[in-house]
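Accompanying notes for the structure given below.
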Amino acid sequence: MSDYKKNSITLTGAVGLGTGVMISAGIFALLGQVAALSGAWFPLMFIAGGIATAFSAYSYIKMSNEYPSAGGIGMFLVKAYGETTVTAGAALLMALSMVINQSLVARTFGTYTLQLFGTDSSSWLVPALGVGLLTTAFLINIAGNSFIQTFTSIMSLLKIVGLAIFAIAGLWAAGFSFEAAEPGGNPPDLSPASYIAAIALTILAFKGFTTITNSGSEIKEPKKNVGRAIMISIAISLSVYVLLAWAVSGSLSITEIIEAKDYALAEAARPAFGNAGVWFTVIIAILATVSGIIASVFAVSRMLAMLTDMKLIPHRHFGMPGDIQKHTLVYTIVFAMALTILFDLSRIAAIGVILYLIMDMIIHWGVLKKLKGKVEANRSIVTGALIIDAIVLMAFVWVKLQQDWLIVAVAVGITVFTFVGEKFFLKSAE
């Protein structure tokens with residue numbers, strides 16, 4: 001069995017884990033993509049995403065109050081669906097979306113780091129730097145809970161303060177104007193579905209709150225602090241996202257934001273603050289992505305270890321020493337490295353959105369139908385979360401089918417393979 005240390009994570013540490021994952025990928029990797037789908041009022045999409053996430057978080061908080069566990073979402077699914085194909089498949093989708101998030105963060109790290117040297121974001125150095133960051137995250141995770149929560153909490157504080165300074169300075173340079181961004185030359189032609197699809201990307205920016213549930217049994221006073229940590233993390237991240245989005249909106253036109261999609265935040269610093277602003281932004285991006293990777297790897301390896309302990313997913317030692325959690329840590333890092341090398345930021349994000357929303361809907365359905373009477377939850381809020389997920393997912397898939405049908409096919413293929421593979425594995429294990 002894996003070694004989980006009860007009461008080893010404080011409320012501050014849990015908030016650090018949540019914000020560490022959220023702010024790393026959310027604003028740096030996705031801001032330009034959100035602007036491409038929603039145009040001049042893209043900052044409002046982050047507010048919409050925050051509201052949608054608050055609905056979604058309600059189910060997780062109620063489940064955490066009833067079933068605090070180091071397995072988090074994996075345990076929630078077990079309680080709702082039993083040790084079945086649905087449980088194993090949905091839990092793996094969540095794990096995969098978290099690993100995909102790690103590769104998103106890793107490529108963001110490479111993209112922003114290269115801005116210091118004027119190197120194009122299409123360079124092979126982007127995935128190379130991302131792989132280097134993942135290797136570092138692996139080494140730090142071996143150090144254990146105490147070091148991880150201290151490290152991520154300090155890094156989270158530094159990046160939040162740094163981003164707040166950047167946002168306020170950017171708004172000041174723009175005269176604290178909260179007007180829509182200038183369209184620029186040849187702005188995108190947008191549809192209603194495109195705006196809803198943009199909300200899907202912002203939801204991905206907030207999904208890091210689920211990291212907190214995966215450490216439920218290790219957080220001090222989990223029935224009180226898990227919910228607090230989730231809501232505090234969402235509130236902090238929402239504040240940072242909106243301020244930064246408005247700062248970028250006041251500095252660049254929509255066309256310029258889309259052209260600098262993968263490094264829009266750094267590009268936004270250039271007009272007002274020159275190279276010094278770019279350096280400052282890149283340093284904050286490096287801090288943010290490093291803490292995000294470490295926090296995410298910490299969470300997903302523990303959830304996979306719990307599923308392995310419950311014999312819901314296959315496991316092989318391959319001659320490696322140590323416990324199961326150390327092995328799942330290796331698998332997590334290796335898969336994230338492969339994604340970092342194979343896909344660009346927009347495609348990684350698209351796969352992550354689809355897998356996460358499918359899993360999220362399964363969670364809400366479990367609370368609504370399977371755990372009725374066992375988990376005290378307001379059915380209207382849970383139903384609202386389910387409907388929001390369905391609408392946003394359909395809009396996102398529709399838009400992506402027109403822009404890049406292959407990545408939708410890849411996401412669907414991963415989902416089908418996951419559930420079919422789990423069905424055969426569980427049947428063979430009987």
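Inspect all residues belonging to the range 284-301 and state whether any of them is closer than 30 Å to T255 by Cα and either basic (K, R) or modelled with pLDDT under 75 (or both).
Yes, because at least one residue in the range 284-301 is closer than 30 Å to T255 by Cα and either basic (K, R) or modelled with pLDDT under 75 (or both).
For the range 366-383, name all the residues that are more than 19 Å from F209 (Cα to Cα), surrounded by fewer than 20 Cβ atoms within 10 Å (Cβ to Cβ) and touching a residue at least 12 places away in the same chain (Cβ under 8 Å).
Scanning the range 366-383 gives L368, K370, K374, E376, N378, T383.
Look at F343 and say whether it is modelled with pLDDT of 95 or more and among the aromatic types (F, W, Y).
no
Could you list, in sequence order, all residues of the range 262-303 that are under 29 Å from F138 (Cβ atoms) and basic (K, R)?
Scanning the range 262-303 gives a single hit, R302.
Conditions tested, residue by residue: (1) touching a Ser or Thr at 6+ places or on another chain (Cβ under 6 Å); (2) part of a helix (DSSP H, G or I).
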site: V86; (1), (2): no, yes
site: V105; (1), (2): yes, yes
site: T108; (1), (2): yes, yes
site: S123; (1), (2): no, no
site: P127; (1), (2): yes, yes
site: L134; (1), (2): no, yes
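The values are calculated or read from the model by the stated rules, or taken from the named source; none is laboratory data. Keep in mind the model is a prediction, meaning the values are calculated, not measured. Methodologically, a virtual Cβ is constructed for each residue, glycine included, from the backbone with ideal geometry; neighbour enumeration extends over all protein chains shown.
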